1. Is there any pair with a first residue in the range 91-113 that is polar (S, T, N, Q) and a second that is open to solvent by 30 Å² or more (accessible area, probe 1.4 Å) and more than 9 Å from ligand 1 (Cβ to nearest atom) whose Cβ atoms are under 8 Å apart and which are 6 or more apart or on different chains, and what are they?
2. Residue pairs, Cβ under 9 Å, 6 or more apart or interchain, first in the range 5-24 and of a type in the set (Asp, Glu), second at pLDDT 95 or above and open to solvent by less than 30 Å² (accessible area, probe 1.4 Å). List them.
3. Only one of these conditions is not met by GLU123: (1) among the acidic types (Asp, Glu); (2) open to solvent by 40 Å² or more (accessible area, probe 1.4 Å); (3) touching a residue at least 24 places away in the same chain (Cβ under 8 Å); (4) closer than 24 Å to GLU47 by Cα. Which number is it?
4. Being charged (D, E, K, R) and surrounded by fewer than 16 Cβ atoms within 10 Å (Cβ to Cβ) is the filter here, so list the residues in the range 1-42 that pass it.
5. Consider the range 115-130. How many of its residues are in a loop (DSSP other than H, G, I, E, B) and in contact with a Pro (Cβ under 9 Å, 6 or more places away or on another chain)?
6. Are any residues in the range 135-180 open to solvent by less than 10 Å² (accessible area, probe 1.4 Å), in a helix (DSSP H, G or I) and away from ligand 2 (no atom under 16 Å from the Cβ), and if so, which ones?
7. Given the criterion out of contact with any Leu (no Cβ under 6 Å at 6 or more places or on another chain), at pLDDT below 95 and either of a type in the set (D, E, K, R) or open to solvent by 50 Å² or more (accessible area, probe 1.4 Å) (or both), identify the matching residue among LYS199, LYS211, LYS185, LYS252.
8. What number of residues within the range 52-99 are within 16 Å of ligand 2 (Cβ to nearest atom) and either among the β-branched types (Val, Ile, Thr) or crowded, with 20+ Cβ neighbours inside 10 Å (or both)?
Amino acid sequence: MKTKIINDVGMIASELASGNIAGIPTETVYGLGANALSGNAVAKIYETKDRPKFNPIIVHVKGIDEFEIFGKDIPRDVYRLAEKYSPGPITFIVRKKEIIPDIVTAGNDSVGLRIPRHPLFLELLAQTGFPVAAPSANMFGRISPTSAEETLNELDGKIRYILDGGKCDVGIESTVISFVDDVPKILRHGAVTAEEIEKVIGKVISGKGEKIISPGMTESHYAPRKPMFIIDTDPDEQEMKDLNAVFLDLHKFGDPLSMAVNLFSEMRRLDESDCGIILCRKIEDKGIGIAINDKLERASTGNFRVENGVPVITKLKYA
Ligand code: TXA
Ligand code: MG
């Protein structure tokens, strides 16, 4: 199968309507979309990505008034947040209605609903008339694509079309917040921060400092092929040469929002360079920095420092 990058939303709409899957731009990262109401179509997402069947997929809808069609017992706080941050990079986990096939939610009785902000995705949703289930368009465990070309790089030969929506303007995945229990809980940190959420609905459990418990939150994720290590201080030139290392220097992008926009494409670029290992440093752990540091943590093989010219691994994740 030849994979083409196209600009025609109508063609993507008919590809999805005929039960196939396609690459779709969102403001966060590119998605691999299917008709969320067709179990057979959604099964193709799992197959194509090699995604474990226990990991539920987010359902993208075109507006707040569709929440009730697919979810039930939706608390007021969901609407308060959606009024402020949707369309945008936030996903609400609520109890699901029967109409959503079990394969979408991996058998859970909750569903993740998100209104994407990318104008082409919104146009697509208007044309399909059905909601679109879409995980990030990377092979399972790997770096999420943030442009049509990166999506092609991940899925070449596996799907027919990728809709070209340019470079994603957020760059990291949506914040996932669950409203299934009494107190709302952030399952994945993203561009809408815990602080911003608490300003609207009060105290939430933020998952920071404890293990994040979303079913898909396996430890290794967003991973380059090269080993990537977290270090505490900037490496010096000679050390880098000796180690055949490259440095993922996020500070060159300026503020944390720009770091998020460029994080995955920079990781991908360094992964494709002819280095042996990638070194990176965390940024200040606040605001969107919490999400960025979480990605670095999951993408890394461990931590290390250089002592008298000798690299010492201080933490190894899979030992
Ligand atoms: O920004 C995004 O959210 C992107 C774009 C394409 O919309 N999508 C995305 O999907 O990142 P994915 O599948 O790569 O990550 C979705 C996360 C997973 O960790 C999954 O476990 C969690 O959301 N999730 C989805 N539905 C859930 C549910 N019903 N209960 C708990 N967690 C859920
Ligand atoms: Mg993903």
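1. From residues that are polar (S, T, N, Q), the pairs are SER110/ARG95.
2. Listed by first residue and then by second, the contacts come to ASP8/LEU163; GLU15/ILE21; GLU15/ALA22; GLU15/ILE159.
3. The number of the failed condition is (4).
4. LYS2, LYS4, ASP8
5. Result for the range 115-130: 4.
6. The answer is ALA148, and nothing else.
7. From the options LYS199, LYS211, LYS185, LYS252, the qualifying one is LYS211.
8. The number of residues fulfilling the criteria is 9.
The values are calculated or read from the model by the stated rules, or taken from the named source; none is laboratory data. Just so you know, these numbers come straight off a predicted model, no measurement behind them. All Cβ positions, glycine included, derive from the backbone under ideal geometry; neighbour counts span all protein chains shown. In case anyone asks, the SASA skips ligands and DNA or RNA and just uses the protein heavy atoms, side chains included. Shrake-Rupley method; radii C 1.70, N 1.55, O 1.52, S 1.80 Å.
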